[in-house]
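The values are calculated or read from the model by the stated rules, or taken from the named source; none is laboratory data. Keep in mind that this is a model prediction, so the values were computed, not measured. Quick reminder, even Gly has a Cβ in these numbers, built from the backbone with ideal geometry, and neighbours come from all protein chains shown.
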Amino acid sequence: MLTIKGNPSGRFCDGLSRRDFIKIGGLAMGGLGLPQLLQAEALSGVGRSPKAVIMIYMAGAPPHQDLFDLKMDAPLEYRGPFKPIPTNVAGIEISEHMPRCAKIMDKLVPIRSMVGSLTGDHDSHICYTGRPAQGAIQPPGGWPSIGSTISKLLPPGSKEVPPFIGLAPNAGHPPYGSPGHPGFLGPSHSAFRPNGAAMGDLTLNGITSDRLDDRRTLLASFDKFRREVDSSGLMDGLDTFNRQAFGVLTSSRLVEALDLSKEDPKVRERYGKGDPKNFGDGAPRNLEHFLVARRLVQAGARCVTINFGRWDFHSNNHSDLLTHLPLFDQGYSALIEDLHRLGLDKDVAVVAWGEFGRTPQINKEAGRDHWPRVGCGVVAGGGFKTGQVIGATDRLGGEPTERPVHFGEVFATLYHWLGIDLNTVTLPDLSGRPQYLVDGWQPMKELI
């Protein structure tokens, strides 16, 4: 067994670091090695498409009344100072501070009636799993995020690129920086985080390529001995996965995808830079993450999550929105335009949302408070039926009046689009009980 060690940080509760799970060798001791993980993924036999998901968590929950669902017939203390502007789709209007998105509305689907949050607690969990974190019973180990589920069920898009990548750094409020947890699927299906300790796994720390080749030869000799006494043919199969495991460390594919200096300067300028620093106890407003996400799915990542900003504006809602909304408008619209430019719009689905909505009435501090009864989201790509709005709320933006859309329905749509049969595919939790991917929800007919 070959384990390439790095700086020991980012440990799990059992004392193991994530890189302790990135091992090379047959029959790894002390946990599954990378070859065995690759073998398990290939044997899953679910889907063979190159499709990928980019999910953007707008940490802290944006005010739906000021983005996609402005209420100009409401009193001033409800509607606020923002004005709607027309889009390139007749009859659809959005905030004046999202002019770039307005120009590509034919490629978007705003959802004005998101429901599903039970308590209004801040947590990225519902945005990454489709299930509320609070007020509901979870299975042993907890629900896995969509990235972890994709990592478990679908074959990798590339043997050199992790299937699930989370771009957010840690945040003062941990859920704001979470890329989505693996839940009962375990750490082998957690997100690879280039901003964290796992970045060290992209290089051969203290080991030259020649030395790696020597160890590969030694490993092959051990495997040859085991193969000679093995009558099942298992060892012959493991050769393929050992080669893939070495390929992860010897290929430059992932490093190149993360290197924005290789991108066209005009494309980089269109995305912009934003602010790489965390906003308060939230996530950064890093526009380069949108470009990195596109490059990663091009390189073979199956799911990339982005955490953007901190939208929890209990005071000064509209002035603070001006620090977030124009940046989000630039980065999100650049990503969608880029996917269409590159012909990736049918193979990459993009979802952006927060965990709930905001109060219809503006409070005495000029802010909007938590409102779990309805919120908003926006979907693009995936070959979906775009250029439409789904759902509606009442005159004050407080209750859904048309087509409430549960988070779970969006997840059902994504899994169906990825080629996963929601009615038959289950995953065992830590007690061994099979769990369906969604709670009985079906794909949205409006989108597919």
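Could you name every one of the helices (runs of 4 or more DSSP H) located completely within the range 108-218 that has at least 1 residues being of a type in the set (Ser, Thr, Tyr), modelled with pLDDT of 85 or more and over 26 Å from Ala257 (Cα atoms)? Outline the logic, then answer.
Working: elements: 125-129, 146-153, 174-177.
Ranges flagged: 125-129.
Among Gly377, Gly354, which is at pLDDT 95 or above, within 19 Å of Lys103 (Cα to Cα), surrounded by 24 or more Cβ atoms within 10 Å (Cβ to Cβ) and in contact with a Pro (Cβ under 9 Å, 6 or more places away or on another chain)?
Gly377
Does Ala301 satisfy the condition of being within 30 Å of Gly397 (Cβ to Cβ) and either in contact (Cβ under 8 Å) with a residue 40 or more places away in the chain or assigned to a strand (DSSP E or B) (or both)?
The answer is no for Ala301.
Name the residues in the range 59-94 that are part of a loop (DSSP other than H, G, I, E, B) and surrounded by fewer than 17 Cβ atoms within 10 Å (Cβ to Cβ), would you?
If the condition is that a residue be part of a loop (DSSP other than H, G, I, E, B) and surrounded by fewer than 17 Cβ atoms within 10 Å (Cβ to Cβ), then Met72, Asp73, Pro75, Pro81, Lys83, Asn88, Ala90, Gly91 are the ones that fit.
Please find, among Asp345, Asp281, the residue that is part of a loop (DSSP other than H, G, I, E, B) and in contact with a strand residue (DSSP E or B) (Cβ under 7 Å, 6 or more places away or on another chain).
Within the list Asp345, Asp281, the selection yields Asp345.
Can you name the residue in the range 389-448 that is of a type in the set (Gly, Ala, Ser) and farther than 14 Å from Ile150 by Cα and, of all such residues, is surrounded by the most Cβ atoms within 10 Å (Cβ to Cβ)?
For the range 389-448, the residue satisfying everything is Gly397.
Given (1) outside any loop (DSSP other than H, G, I, E, B); (2) of a type outside the set (Asp, Glu); (3) under 30 Å from Ser158 (Cβ atoms); (4) out of contact with any Leu (no Cβ under 8 Å at 6 or more places or on another chain), where does Ser319 come up short, assuming only one miss?
Among (1) outside any loop (DSSP other than H, G, I, E, B); (2) of a type outside the set (Asp, Glu); (3) under 30 Å from Ser158 (Cβ atoms); (4) out of contact with any Leu (no Cβ under 8 Å at 6 or more places or on another chain), Ser319 violates only (3).
For the range 365-391, what are the residues that are in contact (Cβ under 8 Å) with a residue 40 or more places away in the chain and small (Gly, Ala, Ser)? It would help to see each step written out before you state the result.
Restricting attention to the range 365-391, the residues satisfying the condition of being in contact (Cβ under 8 Å) with a residue 40 or more places away in the chain are 365-382, 384-391.
Across the range 365-391, the qualifying residues are Ala366, Gly367, Gly375, Gly377, Ala380, Gly381, Gly382, Gly387, Gly391.
Yes or no, residue by residue, for (1) under 26 Å from Lys51 (Cα atoms); (2) touching a Gly at 6+ places or on another chain (Cβ under 9 Å):
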| position | (1), (2) |
| --- | --- |
| Ser151 | yes, no |
| Pro155 | yes, yes |
| Pro163 | yes, yes |
| Ala168 | yes, yes |
| Gly172 | no, yes |
| Gly177 | yes, yes |
